Amino acid sequence: MSTPADTDDPRTSTMRWLRWAALAIAVVTIAVGAILGTGLGKDSTLVDTPLVGKPAPDSTLPYLERDGELALSSLRGRIVVVNFWASWCVPCRAEQPVLTAAADTYAESGVTFVGISYQDQRRPAVDFLNELGRGREYQYVTDPGSRTAMDFGVFGIPETFFIDRSGTIVAKITGETDAPLLGGVLDDMLAGRQPQSRTGGSVQPAPGQ
């Protein structure tokens, strides 16, 4: 015959189960946090791209706000920062002040910034620049048919490529950049060091993709 000592009240069993479930969730949460805080964080800033070490695509692109075209090859002898952006891109809005400030800061060091409007219309793109600024020595161009974006292997924006004075791609930032990321790559290039490609944040695909 069962006694009160060996027969659980249903409510007691339910409370015991809930306590075990809460403990299991806590253990899993702590374990995931430990993993993210140690091993995964060490290499998450590195970005592999097959274009590093290869000549930059020799693209000729129409200017966004004036007549004429810009040939990337015409910038040979300067360090070139190529940023793919669009007015509909949320991370692009956040990084634009960083890019324009860097363009101003590094202009005297022989660095030219090129902003390539990616799958955008002219009017919204110009409004974007009117609102967020253009930067010194900053060249803004369009990319008809996204041919240059395809040559650079762009799959979402923002993406930023760094081209050395010989016309070779030496680094890439995927996603939204910030001042330490951007300045770190440029300082390495100016000092003759090999920069590392990095991840600044997530990218945004074009609408409809």
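State whether the residues of the stretch 101-108 include one that is touching a helix residue (DSSP H, G or I) at 6+ places or on another chain (Cβ under 7 Å), within 20 Å of residue 172 (Cα to Cα) and either outside any loop (DSSP other than H, G, I, E, B) or not assigned by TED's automatic domain parsing to the domain that holds residue 142 (or both). Break it down stepwise before answering.
Going residue by residue through the stretch 101-108, those that are touching a helix residue (DSSP H, G or I) at 6+ places or on another chain (Cβ under 7 Å) are 102, 106.
Next, only the ones that are within 20 Å of residue 172 (Cα to Cα) stay: 102, 106.
Next, only the ones that are either outside any loop (DSSP other than H, G, I, E, B) or not assigned by TED's automatic domain parsing to the domain that holds residue 142 (or both) stay: 102, 106.
Yes, some residue in the stretch 101-108 is touching a helix residue (DSSP H, G or I) at 6+ places or on another chain (Cβ under 7 Å), within 20 Å of residue 172 (Cα to Cα) and either outside any loop (DSSP other than H, G, I, E, B) or not assigned by TED's automatic domain parsing to the domain that holds residue 142 (or both).
Filter the stretch 34-93 down to the residues that are in a strand (DSSP E or B), over 30 Å from residue 124 (Cα atoms) and modelled with pLDDT of 95 or more and list them by number. Don't jump to the end; show me each part of the working.
Taking the stretch 34-93 as the starting set, the residues that turn out to be in a strand (DSSP E or B) are 46, 55, 60-63, 69-71, 79-85.
Right, trim to over 30 Å from residue 124 (Cα atoms) and you get 46, 55.
Hit for the stretch 34-93 is 55, nothing else.
(1) among the aliphatic types (A, V, I, L, M); (2) buried (at least 19 other Cβ atoms within 10 Å of the Cβ); (3) farther than 21 Å from residue 89 by Cα: which one isn't true of residue 157, the others all being true?
(3)
Going residue by residue through the stretch 189-208, is there one that turns out to be exposed (fewer than 14 other Cβ atoms within 10 Å of the Cβ), outside the structural domain of residue 78 (by TED's automatic domain parsing), free of Cβ contacts under 8 Å to residues at least 24 places away in the same chain and in a loop (DSSP other than H, G, I, E, B)?
There is at least one residue in the stretch 189-208 that is exposed (fewer than 14 other Cβ atoms within 10 Å of the Cβ), outside the structural domain of residue 78 (by TED's automatic domain parsing), free of Cβ contacts under 8 Å to residues at least 24 places away in the same chain and in a loop (DSSP other than H, G, I, E, B).
Counting only residues that are at negative phi and in contact (Cβ under 8 Å) with a residue 24 or more places away in the chain, which one in the stretch 141-151 is farthest from the chain's Cα centre (by Cα)?
Our first condition is that a residue be at negative phi; within the stretch 141-151, this holds for 141-144, 147-151.
The next check asks that each one be in contact (Cβ under 8 Å) with a residue 24 or more places away in the chain; those that pass are 141-144, 147-149, 151.
Values: 141: 19, 142: 19, 143: 19, 144: 22, 147: 20, 148: 18, 149: 14, 151: 18 Å.
Only one residue tops the list, namely 144.
Would you be able to say whether some residue in the stretch 170-178 is over 26 Å from residue 55 (Cα atoms), of a type in the set (D, E, K, R) and in contact (Cβ under 8 Å) with a residue 12 or more places away in the chain? Please lay out each step first, then the result.
Taking the stretch 170-178 and keeping what is over 26 Å from residue 55 (Cα atoms), we get none.
Among the residues of the stretch 170-178, not one is over 26 Å from residue 55 (Cα atoms), of a type in the set (D, E, K, R) and in contact (Cβ under 8 Å) with a residue 12 or more places away in the chain, which makes the answer no.
Determine if the stretch 152-175 includes at least one residue that is within 19 Å of the chain's Cα centre (by Cα), modelled with pLDDT of 95 or more, in a helix (DSSP H, G or I) and assigned by TED's automatic domain parsing to the domain that holds residue 84.
yes
All but one of (1) farther than 22 Å from residue 195 by Cα; (2) buried (at least 20 other Cβ atoms within 10 Å of the Cβ) hold for residue 94; state the number of the condition that does not hold.
Every condition holds for residue 94 apart from (2).
The values are calculated or read from the model by the stated rules, or taken from the named source; none is laboratory data. Remember, predicted model here, so these are calculated numbers, not experimental data. No Cβ is skipped: glycine too gets one built from the backbone with ideal geometry, and neighbour counts run over all protein chains shown.
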